[in-house]
Amino acid sequence: MLRRAAVLTLVFLASALLTVALSGRAPVRIGEDGLSRLLVPVQRPLARGIGAVRDRIGRLEGYDALLEENRQLREAVQVLTRENARLQALEEENRRLRRLLGLRAREDSLVLVTAEVIGRDPEGLRQVIWIDRGEADGLAPGMAVLHPDGLVGRILSVQTHSAQVLLIIDVESAVSAQVVGSQAPGLVEGRWQLGSRLRMRFIPKEVQLRTGDLVVTSGLVSSLEEPRMPPGIPIGRILTVRGRDIDLYQEAELIPAADLDRLRFVQVVREVRP
Amino acid sequence: MRRWLPARWGLTLPVLALLAVLQGTLIPTLPLPALHPNLLLLAAVARTLLRGPFEGVWWAFLGGVLLGVLDPLPQGIAVLGLLLAVWTTWLVDRILLGQGAGVVALAALLAAPAFYLPLLPYAHLPLREATLRLLALQALVHGSLLPLLFPLIRRLDGLWGEIAPIDWTG
């Protein structure tokens with residue numbers, strides 16, 4: 001029995017190493033797609049049930065907090081309604097001025113696909129979520145994923161009816177960004193595996209940064225093949241700033257704008273129409 | 001004729017698929033992420049202790065393939081990790097055979113880091129203090145959880161066929 005186990009181990013070991021070497025290629029992708037088609041129909045109702053239970057527990061635990069949140073939201077709606085009216089007036093003025101200067105109108109409209117979060121990395125070593133939309137819904141790797149509160153991440157890989165999303169806090173994530181107000185550019189990188197959440201790097205040293213400053217996407221991408229990242233999407237707020245006299249740039253630790261631990265629904269930017 | 005597939009393999013895949021789905025949906029929602037157990041690792045270790053390395057290797061392979069579908073790491077890495085965990089379990093079992101429930105705890109305690117080690121480079125986790133702490137926590141979680149679950153797993157295993165002929169009472 002032991003000899004058979006050893007032989008079987010060698011066979012499985014060889015096939016595992018071969019699959020690692022062929023990772024991302026057609027035969028492995030087809031196999032993974034087939035298996036994920038079997039798992040997703042089970043994952044979806046289970047994730048929905050777990051989400052509903054968590055919501056119910058949350059509601060029971062935080063009734064007073066909900067009342068307080070409700071009051072704050074009502075106040076915020078009033079402020080935002082006023083702000084919205086002001087911005088509409090500014091937008092109209094901006095449109096008129098651009099027309100006067102002969103500039104092309106710049107109004108990006110987003111084609112969004114709403115998706116439900118059906119799982120997370122089972123080993124808990126990467127910051128990745130699964131969503132229930134895939135290639136069949138027009139999704140492709142690199143597309144931006146949003147939440148009403150801010151940027152969630154980018155599509156990492158797609159199957160026919162599901163996709164993996166790399167969250168912005170994973171170390172493999174890097175997003176071109178700018179600080180609202182100062183317009184200071186920088187690069188926001190994930191830091192989860194290194195013990196924190198987000199770090200904005202390469203911020204010009206002369207820029208004055210403050211705790212609480214909002215950081216948004218700049219809309220820049222590293223190559224023309226990469227799907228467009230819509231500009232102005234909140235990424236996070238500055239928590240601490242670090243910069244020494246000898247450094248060329250300064251860095252800032254950020255808190256993500258969206259609550260990435262409690263995502264249930266997200267929106268994928270399938271297209272950014274200029 | 002020698003059989004290369006366990007007789008109970010028909011049930012093996014649905015059980016492992018269910019564990020994989022729970023691992024990807026329920027487990028990540030639990031509080032204290034550093035203390036999340038890996039159900040497929042526990043299953044492979046328990047299977048090895050109950051039925052020997054041959055069936056353990058099968059569970060490691062099938063469980064690893066399912067984990068590979070759900071995780072962002074290259075397909076095959078989880079298989080490597082689980083195979084390492086199965087042989088670590090077998091080694092502990094061989095050295096401490098007949099030493100009681102301590103075998104279960106020690107096997108799971110050592111199998112957990114064996115499973116996670118090949119995964120770390122692909123998860124961009126450098127081998128530094130925080131990662132070593134994570135490995136130690138995982139070892140403790142699995143080492144303390146499996147002895148608690150083992151009687152239940154053994155009973156469930158008995159429903160599939162004869163009770164495993166191993167005396168864990170010490």
Total charge dipole magnitude, region A:99-237, about the Cα centre, Cβ charges on Lys, Arg, Asp, Glu only, Debye to nearest 20:
600 debye
How charged is the neighbourhood of A:T240? Take every other residue with its Cβ under 13 Å from the Cβ of A:T240, and add Lys/Arg as +1 and Asp/Glu as -1.
+3
Expressed as a percent, the portion of alpha-carbon pairs in region A:1-86 spaced more than 14 Å apart is 81 percent
With every protein chain left in place and a probe of 1.4 Å, what is the accessible surface of A:T240, to the nearest 10 Å²?
70 Å²
Pop the C-beta distance of B:R94 and A:A52 into the FRET formula with R0 = 30 Å and round what comes out to the nearest 0.05.
0.05
Beyond 26 Å, what percent of the Cα pairs of chain A remain?
56 percent
Give me the inter-chain shielding for B:118-125: mean count of other chain Cβ atoms within 10 Å, whole number please.
5
Mean per-residue count of partner chain Cβ within 10 Å for A:5-14 equals 6
Under the definition of partner shielding as Cβ atoms of other protein chains within 10 Å of a residue Cβ, what is the mean value for peptide A:125-137?
3
Residue-normalised 222 nm signal for chain A, counting each DSSP H run of n ≥ 4 as -39,500 (n - 2.57), nearest 500 deg cm²/dmol, is -12500 deg cm²/dmol
If you take every residue apart from A:A76 with its C-beta less than 12 Å away from the C-beta of A:A76, what net charge results, scoring Lys and Arg +1 and Asp and Glu -1?
0
What translational diffusion coefficient, in µm²/s and rounded to a whole number, does the Stokes-Einstein relation yield for region A:101-245 at 25 °C and a viscosity of 0.890 mPa s, taking the hydrodynamic radius as the Kirkwood radius over Cα pairs?
150 µm²/s
The alpha-carbon center of region A:212-251 and that of region A:50-126 are separated, in whole Å, by 20 Å
7 Å from Cα along Cα→Cβ at both A:R86 and B:S144: what's the point-to-point distance in nm?
5.4 nm
P(r) for region B:62-107: what percent of alpha-carbon pairs falls in each 5 Å bin, starting at zero?
5, 23, 21, 13, 13, 14, 8, 3
How long, wide and thick is region B:6-75, going by the Cα atoms along their three principal axes, in whole angstroms, largest first?
37, 22, 20
Treating every alpha carbon of chain B as one equal point scatterer without solvent, the Debye formula yields log10 I(q)/I(0) values at q = 0.15, 0.18, 0.20 Å⁻¹ of -0.80, -1.17, -1.45
Please arrange A:Y63, B:Y122, A:Y249, B:Y116 by accessible surface area, largest first, computed with a 1.4 Å probe and ligands excluded.
A:Y63, A:Y249, B:Y122, B:Y116
Counting only protein chains, not ligands or nucleic acids, how are A:W192, A:W130 ordered by accessible area (probe 1.4 Å), most first?
A:W192, A:W130
Set the Förster radius R0 to 45 Å, insert the Cβ-Cβ distance between A:E225 and A:D261 as r into 1/(1 + (r/R0)^6), and round the FRET efficiency to 0.05.
0.90
Relative contact order [Cα under 8 Å, 6+ residues apart], region A:1-153, whole percent
15 percent
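The values are calculated or read from the model by the stated rules, or taken from the named source; none is laboratory data. All of these numbers come straight from a predicted model, not from anything done at the bench. We place every Cβ from the backbone using ideal geometry, glycine too, and count neighbours over all the protein chains shown. The protein model used for the area step is the full one, side chains on, heavy atoms only, and it has no ligands, DNA or RNA in it. Shrake-Rupley method; radii C 1.70, N 1.55, O 1.52, S 1.80 Å.
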